[in-house]
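Here's the structure we're looking at; comments come further down.
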Amino acid sequence: MKTIYAKSKGLQDTEMHYCPGCSHGIVHKLVAETLEEMNAIETAIGVCPVGCSVFAGNYFACDMIEAAHGRAPAVATAVKRTHPNVPVFTYQGDGDLASIGAAEIVHAAMRGEKFTTIFINNAIYGMTGGQMAPTTLLGQRATTAPSGRTEKQAGKPMRVSEMLATLDGLVYAERVCVTDIPNLMKAKKAIQKAFKRQMNNEGFTFIEVLCSCPTNWGMDIQESNQWLKDNMVPYYPLGVIKDVEVQ
């Protein structure tokens with residue numbers, strides 16, 4: 001029988017713990033396929049911190065390192081500097097990267113560290129129970145903002161990709177989503193490009209993926225995907241944020 005589709009060898013044969021409808025599994029698949037196509041499963045090194053991705057080492061078939069909350073960019077910096085010829089990536093959520101780890105990601109981008117960050121933006125703290133994140137939208141409810149986020153109390157949501165794009169060390173940043181097949185294919189191409197530019201030693205590359213969190217949003221899968229399109233995409237527009245040529 002002809003094989004039409006097979007699970008990527010970049011993923012282990014392990015059942016994932018993510019909630020139904022969560023986008024993490026899809027993004028894992030895209031990263032794993034990219035590493036497989038690069039023939040880099042045996043050499044790549046990933047870093048995951050605290051958050052929903054805390055068990056990512058159970059799923060990716062490449063070497064994975066667990067970092068303290070928010071410190072994945074610091075760990076990845078050390079890994080890439082000691083292993084400059086292998087693909088290195090961090091896999092981080094918005095609570096981890098944009099809050100406790102904000103300084104780490106900013107300085108990694110500023111220095112132009114030659115690794116790739118996969119940034120999962122689902123506008124809320126997932127693992128710890130649905131608290132407000134730096135990316136939570138105005139009016140969006142969270143356990144720490146039961147009436148919805150207000151600008152007066154918490155300021156406006158942080159556009160991380162645009163902020164990092166102001167730093168010279170970042171050479172490529174793109175925001176994507178995985179709500180449907182066309183967007184999934186665009187996300188795959190963006191991840192591939194980020195790893196390619198990393199391996200060309202051009203600088204820091206950053207892929208932001210808008211993702212759904214049906215459990216903490218209190219929605220079913222279809223509702224959460226539509227809410228993402230209707231509410232997150234207008235504030236976090238999809239597309240290339242920065243793409244500079246390096247001589």
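The values are calculated or read from the model by the stated rules, or taken from the named source; none is laboratory data. Please read these numbers as outputs of a predicted model, since none were measured by experiment. No Cβ is skipped: glycine too gets one built from the backbone with ideal geometry, and neighbour counts run over all protein chains shown. Accessible surface is based on the protein model in full, side chains and every heavy atom, while ligands, DNA and RNA are left aside. Shrake-Rupley method; radii C 1.70, N 1.55, O 1.52, S 1.80 Å.
Here are the numbers for this structure:
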| quantity | calculated |
| --- | --- |
| Candidates Arg159, Arg175 - the one that is under 18 Å from Leu238 (Cα atoms) and in contact with a Gly (Cβ under 9 Å, 6 or more places away or on another chain) | Arg175 |
| Qualifying residues in segment 125-144 (those that are farther than 8 Å from Asp94 by Cβ and β-branched (Val, Ile, Thr)) - the one nearest to the chain's Cα centre (by Cα) | Thr136 |
| Filter result (part of a loop (DSSP other than H, G, I, E, B) and not polar (S, T, N, Q)) within segment 124-142 | Ile124, Tyr125, Gly126, Met127, Gly129, Gly130, Met132, Ala133, Pro134, Leu137, Gly139, Arg141 |
| Every pair of residues 6+ apart whose Cβ atoms lie under 8 Å, when the first sits in segment 221-247 and is under 18 Å from Phe206 (Cα atoms) while the second is at pLDDT 95 or above and surrounded by fewer than 13 Cβ atoms within 10 Å (Cβ to Cβ) | Val246/Asn200 |
| Within segment 3-19, considering residues that are free of Cβ contacts under 8 Å to residues at least 60 places away in the same chain and closer than 15 Å to Cys52 by Cβ, the one surrounded by the most Cβ atoms within 10 Å (Cβ to Cβ) | Tyr18 |
| Residue list for segment 37-53, restricted to those being part of a helix (DSSP H, G or I), open to solvent by 30 Å² or more (accessible area, probe 1.4 Å) and touching a strand residue (DSSP E or B) at 6+ places or on another chain (Cβ under 9 Å) | Cys52 |
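Yes/no matrix, rows are residues, columns are (1) surrounded by 21 or more Cβ atoms within 10 Å (Cβ to Cβ); (2) at pLDDT 95 or above; (3) not aromatic (Phe, Trp, Tyr):
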| position | (1), (2), (3) |
| --- | --- |
| Tyr125 | yes, no, no |
| Gly130 | no, no, yes |
| Thr135 | yes, yes, yes |
| Lys152 | no, yes, yes |
| Gly155 | no, yes, yes |
| Leu164 | yes, yes, yes |
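One line per residue, one yes/no per condition, for (1) in contact (Cβ under 8 Å) with a residue 60 or more places away in the chain; (2) of a type outside the set (A, V, I, L, M); (3) open to solvent by 10 Å² or more (accessible area, probe 1.4 Å); (4) farther than 18 Å from Gln92 by Cα:
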| residue | (1), (2), (3), (4) |
| --- | --- |
| Met185 | no, no, yes, yes |
| Lys189 | no, yes, yes, yes |
| Gly203 | yes, yes, no, yes |
| Met219 | no, no, yes, yes |
